[in-house]
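Encoded as structure tokens, the structure appears first; notes follow it.
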Protein chains: 2
Amino acid sequence: MGHVASPVTMRTLADRLGVSVTTVSNAYSKPDRLSPDLRDQILATAKELGYCGPSAAGRALRSGKTDVCGFLFGGELAEAFADPYTVAFLAGLSETAEKFGASILLLRSPGDGDDAESQLLQRAAIDAIVTCSATSEHPATELLTQRGVRVVGAQRAEVGDWVAVNDVKAGRLIGKHLAKLGHRQIVVVVTGETPDAEAHEITPKELSSVAGRFAAERFQGLAEKLPEATFRIVCGGCKPKQAGRLAAAQALDVQDRPTAIIAMSDALALGVWDAVRERGLTPGRDISITGFDDIQDAAFVGLTTVRQPIADKGRFAGRLAMDPDYPQRQITLPVELVVRSSTGPAPRI
Amino acid sequence: MGHVASPVTMRTLADRLGVSVTTVSNAYSKPDRLSPDLRDQILATAKELGYCGPSAAGRALRSGKTDVCGFLFGGELAEAFADPYTVAFLAGLSETAEKFGASILLLRSPGDGDDAESQLLQRAAIDAIVTCSATSEHPATELLTQRGVRVVGAQRAEVGDWVAVNDVKAGRLIGKHLAKLGHRQIVVVVTGETPDAEAHEITPKELSSVAGRFAAERFQGLAEKLPEATFRIVCGGCKPKQAGRLAAAQALDVQDRPTAIIAMSDALALGVWDAVRERGLTPGRDISITGFDDIQDAAFVGLTTVRQPIADKGRFAGRLAMDPDYPQRQITLPVELVVRSSTGPAPRI
DNA sequence: ACGATACACTTTATCGATAAACAAGGCAAG
DNA sequence: CTTGCCTTGTTTATCGATAAAGTGTATCGT
């Protein structure tokens with residue numbers, strides 16, 4: 001039952017066969033450094049004694065290699081699983097990880113209290129780490145790099161490894177589409193910290209710090225293609241669906257309703273969608289809604305959005321994380337406008 | 001840039017302050033074994049020198065504790081993320097893990113080749129492991145237990161820790177519901193290995209080995225409440241949605257169409273749903289469809305199903321995994337029939 | 001016949017931390 | 001004044017494995 005196991009180590013094998021521990025080690029990690037015969041013998045004995053290969057802890061300590069890839073999420077992990085974008089990213093990442101014989105360790109990025117969480121991240125036994133949610137990259141990242149952990153980001157930057165899309169371009173695609181449809185009065189909905197669990201309006205300058213750099217870039221693209229439009233930017237909180245609903249509520253319950261709501265993610269857009277329907281409005285006719293990402297449900301409800309290859313992002317991120325020799329260290333993936341029924345001509349006011 | 005880090009260890013701190021390494025260690029893991037003053041001093045120096053707490057590798061090696069909880073999935077991890085059930089389970093699990101200050105390591109259960117994958121699992125540095133998908137429990141599990149890793153299962157059993165639902169009862173709920181509606185000709189759809197990527201029929205006796213024990217138990221409940229019905233059981237493969245579609249295709253394209261299709265999961269049922277609609281049939285009128293789990297999309301399309309508290313399963317599993325002193329080691333969670341529009345009276349033939 | 005290489009292992013020295021046992025001073029009880 | 005326990009540390013001995021350097025024998029070219 002609760003027996004504490006026979007601690008079969010390399011020593012056990014070595015003694016049994018009369019060879020040195022190093023030789024046993026080599027049998028596993030450097031097969032060309034011993035004769036095939038001996039190697040076979042060692043592996044056979046291992047099987048016989050129930051030895052399952054070098055212990056992760058010992059190996060990690062001595063060699064520094066762990067065959068583990070961290071996944072860093074900027075919030076509670078439970079939220080990560082509630083977000084289709086993140087889940088799709090993880091699917092791609094895990095695919096690559098499996099190819100490299102690595103496992104994935106789920107970690108959350110520490111809040112502001114440096115303490116417990118920060119340390120959990122800092123001292124985690126990992127070879128590399130991939131960040132997914134774009135927000136809150138820097139705080140922890142630097143120390144990790146210093147420690148020798150490869151860090152793969154999810155945003156374009158001058159230095160370091162990353163996999164991302166051109167967010168300015170993504171913004172332009174939406175902007176151009178809405179411009180053509182005649183929209184001039186627009187509300188942009190973003191996720192981010194809210195002080196009082198209440199939606200609040202922010203300025204374009206605050207965008208980067210509240211919602212992340214990617215949001216600011218998309219907005220730049222939007223504004224570029226919608227020079228005559230007036231924008232309001234509303235932040236509804238961190239949990240996408242709820243945030244979308246909250247923000248949309250604030251945007252809609254005013255005299256001068258916008259003709260289009262641009263959500264910074266599909267998950268957010270689905271929240272907006274609910275708020276819109278609750279008010280008896282029909283998306284695409286009474287008001288246009290757009291998202292970003294093209295998650296599965298977007299096709300389901302008919303949301304106009306910008307598709308980005310999420311799973312591929314995960315796959316490439318894994319590649320950069322696990323293969324230090326992969327030549328291209330900064331990868332930009334394509335985006336594509338997907339027009340569905342949630343957008344239509346701006347209604348005359 | 002790529003500097004290999006200043007290896008700040010406990011030694012560094014100890015030397016700096018003129019205390020022993022053990023004392024530094026105690027500052028972190030046994031605060032009551034040194035004076036508060038000294039402890040504060042040590043932590044302050046740690047911050048100053050950029051020391052982030054005991055390295056995971058060293059600690060794991062010496063003490064055996066890792067603060068990592070494994071998550072074992074019985075297939076490619078990418079599939080895990082495609083399955084809403086698994087994702088919901090992970091959300092619950094990660095919630096508990098966070099509470100305990102632990103991280104989650106994603107692992108896949110080895111196939112039949114004992115080699116690489118099996119070892120990845122066996123030597124993983126984890127304190128405990130939680131299995132989610134019910135299939136393929138035993139092969140690896142035993143060795144882990146022997147190694148001192150707590151194993152938390154997802155199926156009822158005589159021994160060991162688990163969190164599960166009463167699957168016989170779940171089966172009865174569906175059986176009773178369909179019996180009342182007059183269904184007598186029924187196809188049961190399950191996931192499992194298929195030799196030729198083609199749907200194939202299996203017998204009730206094969207159920208347990210092909211689809212897992214839980215499937216067999218549910219079937220037992222079904223049969224009990226539908227004594228006059230004739231059953232065919234079809235397995236369509238491992239990927240739920242596709243499997244459902246494939247299996248349903250085989251079930252539908254025959255002379256004598258069933259009046260109800262019972263899928264062993266909602267994900268599977270959604271595949272069945274597609275196949276049904278593709279043939280111009282309306283679920284709930286021309287043919288009844290049921291699932292198990294009550295994932296989000298089930299409510300969306302109107303699928304009759306048996307709800308099980310998936311996230312709670314994850315939460316409790318985490319609790320058992322991370323708290324060896326939690327008194328109740330075998331937990332059964334409730335199930336509940338949820339009737340929606342996908343079931344209706346059996347059409348007269 | 002000689003040094004130079006290769007090969008197939010072994011020795012030695014850690015990797016960073018913690019468990020277990022031990023030591024010195026203080027303080028209370030007898 | 002002594003005994004004995006508590007507090008606050010220190011010493012010593014590993015945890016399991018790998019890097020780096022060393023040893024002894026065969027092989028080879030010249």
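Every number here is computed from the coordinates shown, using simple stated rules; none is lab data. Quantities reported herein were computed from a predicted structural model and do not represent experimental measurements. Glycine gets a Cβ as well: all are built from the backbone with ideal geometry, and neighbour counts include every protein chain shown.
The table below gives the values:
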{"quantity": "Normalised convex hull volume, chain A, alpha-carbon set, Å³ per residue", "calculated": "174"}
{"quantity": "Antiparallel bridge percentage (DSSP; both residues within the protein assembly as shown; nearest 5)", "calculated": "20"}
{"quantity": "Cut-off 17 Å, label 7 Å out along Cα→Cβ of B:Asp325, residues of segment B:23-58 by amide N", "calculated": "B:30-32"}
{"quantity": "Stokes-Einstein D for the protein assembly as shown, Kirkwood Rh over Cα pairs, 37 °C, 0.692 mPa s (µm²/s)", "calculated": "119"}
{"quantity": "Two-decimal Rg/Rh across segment B:168-260, once Rg and the Kirkwood Rh are taken from alpha-carbon atoms", "calculated": "0.96"}
{"quantity": "Selected from B:Ala275, B:Ala311, B:Ala27 as most flexible by GNM, with chain B as the system and alpha-carbon contacts under 10 Å", "calculated": "B:Ala27"}
{"quantity": "In degrees, nearest ten, helix A:84-99 long axis to first principal axis of chain A (Cα)", "calculated": "30"}
{"quantity": "Beta bridges per DSSP with both ends in chain A, % antiparallel, nearest 5", "calculated": "15"}
{"quantity": "Top of A:Arg16, A:Arg315, A:Arg329 by mean-square fluctuation, Gaussian network on chain A, Cα under 10 Å", "calculated": "A:Arg16"}
{"quantity": "Ranking of B:Tyr28, B:Tyr85, B:Tyr326 by count of other Cβ atoms within 10 Å, fewest first", "calculated": "B:Tyr326, B:Tyr28, B:Tyr85"}
{"quantity": "In nm, spacing of pseudo-spin labels at B:Gln255 and B:Ala197 (7 Å Cα→C-beta vector)", "calculated": "3.2"}
{"quantity": "Cα centroid separation - segment A:274-326 against segment B:49-126, whole Å", "calculated": "29"}
{"quantity": "Taking A:Ser35, B:Ser118 and counting other C-beta atoms within 10 Å, the order from fewest to most", "calculated": "A:Ser35, B:Ser118"}
{"quantity": "Chain B: angle of helix B:266-278 to the longest principal axis, Cα-based, in degrees nearest 10", "calculated": "40"}
{"quantity": "Globularity ratio of segment A:10-147, using Cα Rg and 2.2 N^0.38 Å", "calculated": "1.36"}
{"quantity": "Relative contact order [Cα under 8 Å, 6+ residues apart], segment B:167-308, whole percent", "calculated": "27"}
{"quantity": "Under 14 Å, Cβ to Cβ, from B:Ile186 - net charge with Lys/Arg +1 and Asp/Glu -1", "calculated": "+3"}
{"quantity": "Additional length obtainable on full extension of the chain from A:Asp274 to A:Thr332, 0.36 nm per residue less Cα span", "calculated": "17.6 nm"}
{"quantity": "Chain A: most fluctuating residue of A:Gln255, A:Gln155, A:Gln41 per GNM, C-alpha cutoff 10 Å", "calculated": "A:Gln41"}
{"quantity": "A:Val159-A:Phe100 FRET efficiency (beta carbon distance; Förster radius 25 Å; 0.05 resolution)", "calculated": "0.55"}
{"quantity": "Mean Cβ count within 10 Å, highest first, over the residues of peptides B:339-348, B:191-200", "calculated": "B:339-348, B:191-200"}
{"quantity": "Aspartates and glutamates whose Cα lies under 13 Å from that of A:Lys176, excluding same-chain neighbours fewer than 8 positions away", "calculated": "A:Glu224, A:Glu228, A:Glu336"}
{"quantity": "Per-residue Cβ neighbour rank within 10 angstrom, fewest leading, A:Lys205, B:Lys241, A:Lys65", "calculated": "A:Lys205, A:Lys65, B:Lys241"}
{"quantity": "Helix B:240-252 vs. chain B, principal-axis angle (Cα, 0 to 90°, nearest 10)", "calculated": "10"}
